[in-house]
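Data block below; observations after.
What follows draws every value from the coordinates through simple rules; no lab data is involved. As the structure is a computational prediction, the values presented were derived from the model and not from experiment. Here the Cβ is made from the backbone with ideal geometry for all residues, glycine too, and neighbour counts use every protein chain on show.
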Amino acid sequence: MTTGWTPGQRTGPGRDKLVSLKLPAMVVPVIVHPVNSSWTLLALILCGSTGFAEVLTLPEAIDQALVHNRRILQADLLVEEALIVADSAAAAFTPRLGPEFGTLTSGENDFQYAGLQARKRFVSGAEADAAGGMEFRDGDDGAYLRFSLSQPLFRNAGSLVQREPEVAALERVAEARRNGYLRREDVVLEVVRGYESVLRYQRQVELDTESVRRLGRLTILTRAREENGEGSRIDTLRMELQEGEAQTRFENNRELLQLEQDDFLNLLGLPGATSLTLHPPPLLDLELPPLDEAVQVALSNRLDIAQALQQVSTADRQVRLARRNLQPDLRAFGTYRLIGGQQGRDEFALEEERWSAGFSLAPDLDRYERRANLLSTLTQRDLQSLAVADLERWVEIDVKQQVRAYHRAMANHQIAVRNTDLARKRLELAEVMYQMGSVDNFHVSDAETAFAESSSAELAARAEASLAGYRALKSLGTLVEAPDALRP
């Protein structure tokens, strides 16, 4: 079995190769893990209704989502759609060949023609056309050849104008691919959150089960002491109330576990009846650069920065197009035509020549609108420049916050682990002393509450520490590696 996805691994939309792990249906791999037996027992209980449990590590879960998540599949389809539009725009300069046919009827005679036509468009704006075929008149058949060439001058001349549809389509492809990678980053974070949430509530249900069992024993012991006159009715009621609260927590957390499992399976693109066994992954041990260096890493890798810079480039190009649009719409053209009649059974003499050449100038009827368009594009360019500056500042803040949050979450997790260990020792000691009669059940009740709170806090701290590492990588733009062409 492969090791699965790792942070920074390239896996992207469009025509890039996807790195993935496909989980075959109804296949249960045999994997031995040194995990706590209670975890395995709980997973078997939770999955016992189907009889099958797929062992899934966090990297494998991320791989599964990157291949089968429906939002990612939608992003990939949008990339394919953008590529189709780009291919169509690029085909505008491909030579074309096709038949031509026409017919004309007048009061004097009928006229038809049929032949082949070839056309080529150039990035300068020039269009070359060549055609040849047969003409049919009443009793007078003939052949023809026609060559024509036109070239725009000033306004529509040059690659800036002629290649604009293709360039715009390629920009939409790049935007769609960036959106695909950004969506992958979001899905990776959601998978980590979902994986940790399922583990958290699985463990919480296990802790609640143990708590109900302990409190049940203590309630029985408290009742016995009340009957023997060694305890009061208040002590018994306190333990019964605490046992009931523990049962309520158990039911609530079991329901939350089911909800998290359903959301997680949907996120992975798996059927709702799929049973999974999850194992706690190790926390990311990141060596993050200093804050100033981390900000520079983010500015060099984040795709939202790259998209904002592309929009500035687009706005600048639109300004140049708007200025070009103020120039005269002048066009030069020329046509050369050879016509001939039939001399023999299969022979035609192309003896008659006709040619024409000239210039045409379109009337300038919408100059005011084109001037207004220029002013609008200048404003849009300024707005995009401000948006880039604002985004760079926001990225700086985000990176610093996520790096600090990672260090804080890792430290809080260590503190939470220590607090849980202390609360467990306190609870064990209180139970022993209560059974010996050294303390009343208030000490046990208080210790039980403290242990439940510290255990829940530890589970939350562990989930936060795990997610904080991936959030930090996302803020740096290194969670999912994108091609160099899509980065700033």
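What to note about this one:
- The alpha-carbon positions of segment 387-488 define a convex hull whose volume is 96 Å³ per residue.
- Computed from Cα positions, the angle between helix 164-227 and the longest principal axis of the chain comes to roughly 10 degrees.
- Simple spin-label estimate for residue 379 and residue 73 in nanometres, 7 Å along Cα-Cβ: 4.4
- Angle between the chain longest axis and helix 303-324 axis [Cα atoms, degrees, rounded to 10]: 20
- Theoretical ellipticity at 222 nm over the chain - DSSP helices of four or more residues, -39500 (n - 2.57) apiece, nearest 500: -21000 deg cm²/dmol
- Segment 84-179, dipole about Cα centre (Lys/Arg Cβ +1, Asp/Glu Cβ -1), debye to the nearest 20: 760
- For residue 338, neighbours were defined as the other residues whose beta-carbon sits under 11 Å from its Cβ, and their charges (Lys and Arg +1, Asp and Glu -1) total 0.
- Helix 291-301 axis, angle to the chain major axis (alpha carbon atoms, nearest 10°): 40
- Residue exposure sequence - 339, 72, 62, 415 - by fewest surrounding Cβ within 10 Å: 415, 339, 72, 62
- Once the GluC sites (Glu not before Pro) in DSSP loops with at most 14 neighbouring Cβ atoms within 10 Å are cut out of the chain, the longest remaining piece is 348-488.
- Qualifying chymotrypsin sites (Phe, Trp or Tyr not before Pro) in segment 431-488, where qualification requires a DSSP coil assignment and no more than 11 other C-beta atoms within 10 Å, are lacking entirely.
- Surrounding net charge for residue 212, when Lys and Arg each add one and Asp and Glu each subtract one, Cβ distance under 13 Å: -3
- Counting only residues at least eight positions apart within a chain, or on another chain, the aspartates and glutamates with an alpha carbon under 16 Å from that of residue 425 are 210, 446, 448, 453, 458.
- The stretch between residue 393 and residue 128, if pulled fully straight at 0.36 nm per residue, gains 90.3 nm over its current Cα-Cα span.
- Spin-label model distance (nm) - residue 114 vs residue 81, 7 Å beyond Cα toward Cβ: 4.2
- Whole-Å distance, taken between Cα centres, linking segment 236-309 and segment 427-464: 26
- Look at where the Cα atoms of segment 58-100 and of segment 168-209 average out, and the two centres are 22 Å apart.
- Dipole-positive endmost among 359, 281, 165 within the chain (Cβ charges, Cα centre): 359
- For the chain, a simple Cβ point-charge model (Lys and Arg +1, Asp and Glu -1, everything else neutral) yields a dipole of about 960 debye relative to the Cα centre.
- A simple charge model with +1 on the Cβ of Lys and Arg, -1 on the Cβ of Asp and Glu and nothing else charged puts the dipole of segment 379-472 at about 380 debye relative to its Cα centre.
- A simple count of charges around residue 149, restricted to other residues whose Cβ falls under 13 Å of its Cβ and scoring Lys, Arg +1 and Asp, Glu -1, yields +4.
- Computed over segment 101-214, the alpha-carbon pair-distance distribution with 10 angstrom bins reads 11, 16, 14, 14, 11, 9, 8, 7, 6, 3, 1, 0, each value a whole percent.
- If you take the alpha carbon atoms of the chain and fit the smallest convex hull around them, that volume is 258 Å³ per residue.
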